[in-house]
There are 2 protein chains.
Amino acid sequence: MKRAAIIGGGVIGGGWAARFLLNGWDVAVYDPDPEAARKISAVLDGARRALPMLYDKALPAEGQLTFCGSLEAAVEGAAWVQESVPERLALKHSTLKLLQDVATQDAIIGSSTSGFTPSQLQDGAVRPGQIVVTHPFNPVYLIPLVELVGNAANDDALLRRAEDILNSLGMFPLRVRAEIDAHIADRLLEAVWREALWLVSDGIATTEEIDNAIRYGFGLRWAQMGLFETYRIAGGEAGMAHFMEQFGPALAWPWTKLMDVPEFTPELVALIADQSDQQSGALDVRALERLRDDNLVALMRALKQRDAAAGALLNAHEATLKMPEPSVPLMSVTRTIPVDWTDYNGHMNEGRYGQVFSDAADAVMAQIGADADYIASGLSYFTVETTIKYLTECHAGDGIRVTSRITLADGKKLGLWHEMTRAEDGTVLATCDQFLLHVSLESRASCPPAVAVQDRLSALAKQHGTTE
Amino acid sequence: MKRAAIIGGGVIGGGWAARFLLNGWDVAVYDPDPEAARKISAVLDGARRALPMLYDKALPAEGQLTFCGSLEAAVEGAAWVQESVPERLALKHSTLKLLQDVATQDAIIGSSTSGFTPSQLQDGAVRPGQIVVTHPFNPVYLIPLVELVGNAANDDALLRRAEDILNSLGMFPLRVRAEIDAHIADRLLEAVWREALWLVSDGIATTEEIDNAIRYGFGLRWAQMGLFETYRIAGGEAGMAHFMEQFGPALAWPWTKLMDVPEFTPELVALIADQSDQQSGALDVRALERLRDDNLVALMRALKQRDAAAGALLNAHEATLKMPEPSVPLMSVTRTIPVDWTDYNGHMNEGRYGQVFSDAADAVMAQIGADADYIASGLSYFTVETTIKYLTECHAGDGIRVTSRITLADGKKLGLWHEMTRAEDGTVLATCDQFLLHVSLESRASCPPAVAVQDRLSALAKQHGTTE
């Protein structure tokens, strides 16, 4: 079993713990804060609710979580050590020194620092090459970006190993090729933050007006394409150079106050805190977190269905998740009901049952070789008739399983029977009787399946005791 | 019929034309560019594909589009005049002067300017009070944000009328209370743009690396909450003031190069254009536009299902769309198939049929008074069994209609029959037989409906010729 050490809990350390645990790693946490276990549990609750909803398969079985009384105990045997202590260089140095005294030489030590460079962190270290920056974004269990920054002291093999591990956690390691303060994303964020502080400080806009300008405007664009690709499109047929020439002159105009830095006074803090209370104070932080997580799940699932941006990362990660071995009857779906599947009655909407059973049929298709390549060859199965019986309600967050049987396998005709149960206690939630026809995608007319598919289908039908 | 004049075509003018047309306004366009009609048609094609997909009801019948040979002809009779000519103040002034010579006194003249203030635009105008800034964001037919900027010269009544009209187009007018160069959103964008130019210019990151830092990271956060609400959550239980104190010191650190302005050289333009070609050059601008639009539709629909951020705006707009009058059989669904409903076979996924028929059942519920208030009172109908026959394939962008009949209305038992047809030619696409039970939401057990619902159900069943 792979083991990760999380040094420093809090929101960021807790998020890292969740990423590793829910992807099947054992996790050992060290944080001297007596409240650490409670704080990490709160983050984990959020992660356990949200992360599995992103996938249309089950994640691996959760690893073991241990809280350790000492840094040494936490680091022992860890392949990955993640340091997330407060942003003070002297503290980072003393922590890294202790870590390197205990960690195995081939463990990766990643720092969550948002501002320091690898060179600053490695300064005075016994094995500088072991230390890299792995800077994540909140909530760490949902946002895929991690800035991975190394330098000449780091072996390329170590950086590649770090990339592989981060990918296996469903994250996107962005290799930052140069060492600068605040890496890449936080430079952009800092620019927006400074400009936004000016707008509030000058009384031009409130925190809520600024948030609305973002989430109803460019925030939507940036969830799927970034800045440059968006502007490339705005340049139209004339392209990127044209766009830049059109808007280049604005660089010389006073369109930002960033030549100047807003003074960080208690008055400015109070002004912003008051406006923020007015904007969001009706909900406590736990409620806001849950809203944020549910919205992120819904957005990322929308991109997943499009196989675009963060959704393409999800699909790539999901493809590495193992399906259970073929069984009789076939275990065709194991998943969690996501939050975007529920309706005004508070339970899973009837339309989504059709989706689950459609996924179950896809799993059967995969078993008989009627897969993506087969479809690309111009052949597929189309569903002709479906009867669903809704037996017991189910809700967002419920784990569900579907087992499937072949009930008819007669040339171009295929009959399937699916049973959907609650993973927790085996309660039958719904059943589905499906009738499909094999078709040519060119003529859109029915035709017999290819011999290889027919053979695998017959074998499966035999296992299921179906009379052909 | 309401009429809008669009002065200046191009991507922005075309987007405005689409917003008005697809919300039922007649639109007259004036642009001296001989290519204007072709360019606007391309924008309109994109809008006609994407905008209707955002809604679960049909939009109003499209208005009439006219290309006019003169500015005077375009403006005549227009209640809204939108100016989107190039960003040069002298040209804006001469255009606005011509517009005011022709426009009726109570027409609203909105300028799409991203940089100029209302005072700059109104300077020398005969009726300054008629001119406001209405600054939209690309693609105008999908992104809801419009910055609405007025000043003391504008009547509050005119600004409120402008807000109402923009709301009726499904947009979000953000009232900017102060006049500053570049309003609010473009100040934030300009800050990011300048920082990003530095990162590329200094060789720290490529355009693609920056876009990845955005779309895999904070772009996801900003599509649903903005900057301040996101940071409020990051502050955790300690709140916004704590967050600011934690990150306040960074303001004094060199975390941005914005004290300085990047020099706009041909070399910088070439560097960025080359990197952009490498990043996105495999697809032409039309293909990128379609990807962007389809992604935006999927993201906004995900938020719509959550009733959050831009999705809450969509729901509010949709609630103003009229359903057809009750008919026999009942017209229960009229909508467009959105892009997130299709599967690897290229057609609407079977699971989504269940969703359409679930919506059809909801429309029947609304007719018999089993609506949101009724559910809040603790009573509802649950679907027990559904049989769907899939007769003809359908695809993203197809308009569809469902008609519904009561087939059984016997105490707590309710039977519905739905027929789904293609709007264009009436081809029957699918049928659905549904059996529902009336339940108490408290006991989750079946019980008879309330008398009022029973009465309306009986009346509807009688119209449908159903024997009770």
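In this structure, is residue A:274 at pLDDT below 80 and more than 7 Å from every other protein chain (Cβ to nearest Cβ)? Judged against the criteria, residue A:274 is not a match. Counting residues in region B:102-116 that are over 30 Å from the mean Cα position of the chain (by Cα) and part of a helix (DSSP H, G or I) gives one or more.
Whether a residue is β-branched (Val, Ile, Thr), modelled with pLDDT of 90 or more, more than 28 Å from residue B:446 (Cα to Cα) and in contact with a Pro (Cβ under 9 Å, 6 or more places away or on another chain) was assessed, and residue B:392 does not pass this test. Of everything in region A:58-90, what is crowded, with 19+ Cβ neighbours inside 10 Å and under 15 Å from the mean Cα position of the chain (by Cα)? Give them in sequence order. Across region A:58-90, the qualifying residues are A:58, A:59.
Of B:403, B:392, B:387, B:383, all but one fail to be under 19 Å from residue B:448 (Cβ atoms), in contact (Cβ under 8 Å) with a residue 24 or more places away in the chain and assigned by TED's automatic domain parsing to the domain that holds residue B:430; the exception is B:383. Residue A:189 passes every criterion in (1) part of a helix (DSSP H, G or I); (2) at pLDDT below 95; (3) over 26 Å from residue B:274 (Cα atoms); (4) facing chain B (nearest Cβ under 7 Å) apart from (3).
Among the residues of region B:198-211, not one is more than 7 Å from chain A (Cβ to nearest Cβ) and buried (at least 24 other Cβ atoms within 10 Å of the Cβ).
This table checks each residue for (1) over 23 Å from residue A:31 (Cα atoms); (2) surrounded by 24 or more Cβ atoms within 10 Å (Cβ to Cβ); (3) within 13 Å of chain B (Cβ to nearest Cβ).
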residue	(1), (2), (3)
A:95	no, no, no
A:117	yes, no, yes
A:150	yes, no, no
A:154	yes, no, no
A:158	yes, no, no
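Within region B:339-363, residues that are more than 7 Å from every other protein chain (Cβ to nearest Cβ) reach partners that are surrounded by fewer than 20 Cβ atoms within 10 Å (Cβ to Cβ) and at pLDDT 90 or above with beta carbons closer than 6 Å, at six or more positions or on different chains, in the pairs B:347/B:393; B:347/B:395. For region B:202-228, a residue qualifies if it is among the small types (Gly, Ala, Ser) and either more than 22 Å from the chain's Cα centre (by Cα) or not in a loop (DSSP other than H, G, I, E, B) (or both), and the qualifying residues are B:203, B:205, B:213, B:217, B:219. The residue list B:445, B:459, B:430 contains one member that is of a type in the set (Gly, Ala, Ser) and over 26 Å from residue A:391 (Cα atoms), which is B:459. Remark: pairs (first residue in region A:54-77, of a type in the set (Gly, Ala, Ser); second residue assigned to a loop (DSSP other than H, G, I, E, B) and surrounded by fewer than 19 Cβ atoms within 10 Å (Cβ to Cβ); Cβ separation under 7 Å; 6+ apart in sequence or on different chains) = A:61/A:24; A:63/A:1; A:63/A:24; A:74/A:68.
When every residue of region A:146-169 is checked against the conditions, none turns out to be under 27 Å from residue A:268 (Cβ atoms), out of contact with any Ser or Thr (no Cβ under 9 Å at 6 or more places or on another chain) and not in a helix (DSSP H, G or I). Could you tell me whether region A:360-369 includes any residue that is surrounded by fewer than 16 Cβ atoms within 10 Å (Cβ to Cβ) and within 23 Å of residue B:357 (Cβ to Cβ)? There is no residue in region A:360-369 that is surrounded by fewer than 16 Cβ atoms within 10 Å (Cβ to Cβ) and within 23 Å of residue B:357 (Cβ to Cβ). Screening residue A:319 against (1) under 19 Å from the mean Cα position of the chain (by Cα); (2) within 11 Å of another protein chain (Cβ to nearest Cβ); (3) farther than 29 Å from residue B:432 by Cα leaves a single unmet condition, (2). Annotation: residue B:126 fulfils all but one of (1) at the interface with another protein chain (Cβ under 7 Å from one of its Cβ atoms); (2) out of contact with any Ser or Thr (no Cβ under 9 Å at 6 or more places or on another chain); (3) of a type in the set (A, V, I, L, M, F, W, C); the unmet one is (1). For the condition more than 7 Å from every other protein chain (Cβ to nearest Cβ), over 24 Å from residue B:234 (Cα atoms) and either touching a strand residue (DSSP E or B) at 6+ places or on another chain (Cβ under 7 Å) or not basic (Lys, Arg) (or both), residue A:307 qualifies. Restricting attention to region B:450-468, does a residue exist that is charged (D, E, K, R), outside any helix (DSSP H, G or I) and more than 37 Å from the chain's Cα centre (by Cα)? Yes, some residue in region B:450-468 is charged (D, E, K, R), outside any helix (DSSP H, G or I) and more than 37 Å from the chain's Cα centre (by Cα). Filtering region A:372-427 to residues that are basic (Lys, Arg) and either part of a loop (DSSP other than H, G, I, E, B) or surrounded by 15 or more Cβ atoms within 10 Å (Cβ to Cβ) (or both) leaves A:389, A:401, A:405, A:412, A:422. Just one residue in the set A:314, A:299 is more than 7 Å from every other protein chain (Cβ to nearest Cβ), under 30 Å from residue A:420 (Cα atoms), assigned to a helix (DSSP H, G or I) and at pLDDT 90 or above; that residue is A:314. In the set (1) out of contact with any Ser or Thr (no Cβ under 8 Å at 6 or more places or on another chain); (2) closer than 20 Å to residue A:193 by Cα; (3) not aliphatic (A, V, I, L, M), the condition left unmet by residue B:183 is number (1).
The values are calculated or read from the model by the stated rules, or taken from the named source; none is laboratory data. Remember, it's a predicted structure, so these values are computed and weren't measured experimentally. Counting neighbours? That spans all protein chains shown, and the Cβs are built from the backbone with ideal geometry, glycine included.
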